[in-house]
Structure formats: C-alpha cells, structure tokens
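Participant: A single structure is presented below for examination.
The values are calculated or read from the model by the stated rules, or taken from the named source; none is laboratory data. The shown structure was predicted, so the numbers you read here are calculated from the model rather than taken from an experiment. So basically every Cβ, Gly included, is an ideal-geometry build from the backbone, and we count neighbours across all protein chains shown. To get the accessible areas, we keep the full protein, side chains included, count just its heavy atoms, and leave off ligands, DNA and RNA. Shrake-Rupley method; radii C 1.70, N 1.55, O 1.52, S 1.80 Å.
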Amino acid sequence: MNRDELGRAIKAACANLDEPRVIVLGSQSILGSFDTTALPPAAFLSREVDILPLSGITDPPAVEDKLLLLDARLGEGSPFHMSFGFYVEGIHKDVVVLPRHWEHRLVHFIVDDDTSTLYGRTGLCLDPVDLCVSKTIAGREKDYEFVAALVAEQLVRAADIRARIDSGIEWPPTYTENKDLCLDRARNWLSSLADPTATSAKEDPASNAPASVAADIATALLGHPRSVEQMLNSKNRGENPSTSAAPPDTGPTREAGPDLSQ
C-alpha cells in the first residue's frame, strides 16, 4: 500500500460515515508519518486499512453500526475492494492495546477531496512509536517483523518503544489475561533487538557471535503462544474474519447500500 491508497481509504471512509475525520489504526497508519520510499517493504505490505470512526471515541454506543457500515461498503470482498485492490476494516477501540495518551500524539494525514478550500478529510494516524508498542504487545510473528524492520531502518528505536511501554498501557476492558506477563514478553523481545546505534556482536572484534535479528525474533516467538487478539472477547470484534473462522452471523444484517466514495 502507498500514501495515495491510504488517502483514498480515508476519503471513502469519511464519505460513507459522513464524518470529517477517522482514526487509522494498524500497520498502515505508518504511512501517515513516512512515504514508502523511506520505509522497508515489510512496513507497507498489508492491503488492509484498519479504521475507527472518530465518533467511536466521542459517542461509543453508536460505533457498532458504523463499523458494520464500513465493513459492508468498503470491507473485504466489497465492490470497493474489487475496484482498488485494498479494503477497509472497521475496528473497535476495545480490541486495541495502546500506550497511555496515544490520542494526543496522533499524526494528521489530510486528504484533499474538494469539499473545502481550507480543509479536507483527515486520517488521524498512530504515532510510529505508539504503533510499535501496540504491535510489540500483540506479539504475532508479523508484528515482530514489522517492528524489527522499522528499528533496523532507524525509523524508531527499541529504547523509545520500551520507554513508551514503561510510561503506561491503556488496556481495553475485554483484556483478561496476565498483563504483567504480557509486558515482560514485550520488554524481553525488545531487549533482543539491538538498536542500530548500539555496538552489535558483528561489529565487536572480541565477539564471534553473528548478529541476527531474525534469530532473535524466532527465539522470542517461542515464548509467546497467544496473541492479544486471542485474549480479547470475540463478541467485541476481537476476531479478524480474514484470518480465522467466523462464527454464524446472528447480528444485524449488513446491507451494502450506496457507496458514497465513488
């Protein structure tokens, strides 16, 4: 995915929700801070944009219907997906683990859609360090690869991710697992990542040990049997329909309706 595609997803989501701003969660929020020319390939491989309506923060009871609308009109398998090759997934805040005060560090990605000469549609993207905190705590293989790639390119520092974790985590109400154990795993894995500014084993003439980030990742994964998504209540949209078998849909019927993004 690239920034033009992120902009299209933001514009389409805002138009269909009839809202001027949305929050971009997940890996592609990194495009709010960096162009693909500055990013390693592992950082922009996803074809999915995770979006939370801003009203999901200001008016939480109304958010579920809006998430259903996003999934129906812009989600996986929708005409939007078929036309542009990427899709939007509506994400509930209650399935995301983020550091405290993340909402004060959001990066504004403004998309001009000719609705105003002063303002366009805005995607509020996660700060890169906050994004890496979320992914490090989630702890899936693809999350570790994403964070390790950004650290290797010196776009973020492992020490900054660790410091942000230590400053406090905003746990969703559905999180029921051992939080201390989760944090220990995240810190231990970050310790296995050598910051580019630090002396690595490869650069140290007194050491013959190879410097292998991939080996560190593999070692860390052995101690991380469950992801954050598995720890969350599936009734609160914790399961990703593209990666796991979905239960029978007993919720509201998703009528696609008109796609206002065309």
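Participant: For the stretch 1-143, rounded, prolate or oblate, judged on the Cα gyration tensor with a ≥ b ≥ c (square roots of eigenvalues), a/c < 1.5 rounded, else prolate if a/b > b/c?
Facilitator: On the way: a/c = 1.27, a/b = 1.15, b/c = 1.10.
Judged from the Cα gyration tensor, the stretch 1-143 comes out rounded (a/c under 1.5).
Participant: Sticking with this one: How much of residue 58 can a 1.4 Å solvent probe reach, expressed as accessible area in Å² and rounded to 10?
Facilitator: Taking all protein chains as shown, residue 58 has close to 110 Å².
Participant: Check residue 49: other-chain or 5+ apart residues with amide H under 5 Å from its amide H, H built from backbone geometry?
Facilitator: Amide H neighbours of residue 49: 87, 88, 89.
Participant: Now a separate question. Could you give the radius of gyration (one decimal) and Dmax (whole number) of the Cα atoms in the stretch 4-86, in Å?
Facilitator: Cα radius of gyration and Dmax of the stretch 4-86 are 13.0, 40 Å respectively.
Participant: Also, I was wondering about something else. Rolling a 1.4 angstrom probe over the protein chains, ignoring ligands and nucleic acids, what is the accessible area of residue 102 in square angstrom, nearest 10?
Facilitator: Approximately 10 Å² of residue 102 is accessible to the 1.4 Å probe.
Participant: Now for a separate question. Specify whether the C-alpha gyration tensor of the stretch 118-157 places it in the rounded, prolate or oblate class, a ≥ b ≥ c being the square roots of the eigenvalues: rounded for a/c under 1.5, otherwise prolate if a/b is larger than b/c and oblate if not.
Facilitator: Numbers: a/c = 3.08, a/b = 1.96, b/c = 1.57.
The shape class here is prolate.
Participant: What do you reckon, how do 19, 170 stack up by accessible area (1.4 Å probe), largest on top?
Facilitator: On the way: 19 20, 170 65 Å².
Correct descending sequence by accessible area is 170, 19.
Participant: Further question: Could you please put 4, 184, 71, 143 in sequence from largest to smallest accessible area, using a 1.4 Å probe? Kindly include the intermediate steps, with their values, before the conclusion.
Facilitator: On the way: 4 130, 184 75, 71 25, 143 0 Å².
So the residues, ranked largest to smallest area, are 4, 184, 71, 143.
Participant: Another question, then. Students sometimes get this wrong: rank 146, 109 by accessible area, probe 1.4 Å, all chains present, largest first. Write down the numbers at each step before the final one.
Facilitator: Values: 146 5, 109 30 Å².
Ranked from most to least accessible, the order is 109, 146.
Participant: Once the whole set of protein chains is in place, how much accessible area is left on residue 66, using a 1.4 Å probe, in Å² to the nearest 10?
Facilitator: Surface accessible to solvent at residue 66 totals approximately 60 Å².
Participant: Continuing with the same structure: Calculate the dipole size of the stretch 118-178 relative to its Cα centre from +1 charges on Lys and Arg beta carbons and -1 charges on Asp and Glu beta carbons; express the result in debye to the nearest 20. List each step's numbers first, then the result.
Facilitator: On the way: 7 positive and 10 negative charges, 28 e Å.
It works out to roughly 140 debye.
Participant: What does the accessible area per residue of the stretch 29-176 come to in Å², with a 1.4 Å probe and no ligands, DNA or RNA counted?
Facilitator: On the way: 6330 Å² over 148 residues.
Ligands and nucleic acids excluded, the figure is 43 Å² per residue.
Participant: Let me ask something additional. Say each of residue 187 and residue 64 gets a label point 7 Å from the Cα, pointing the same way as Cα to Cβ; how far apart are those two points in nm?
Facilitator: According to this spin-label approximation, the distance is 3.7 nm.
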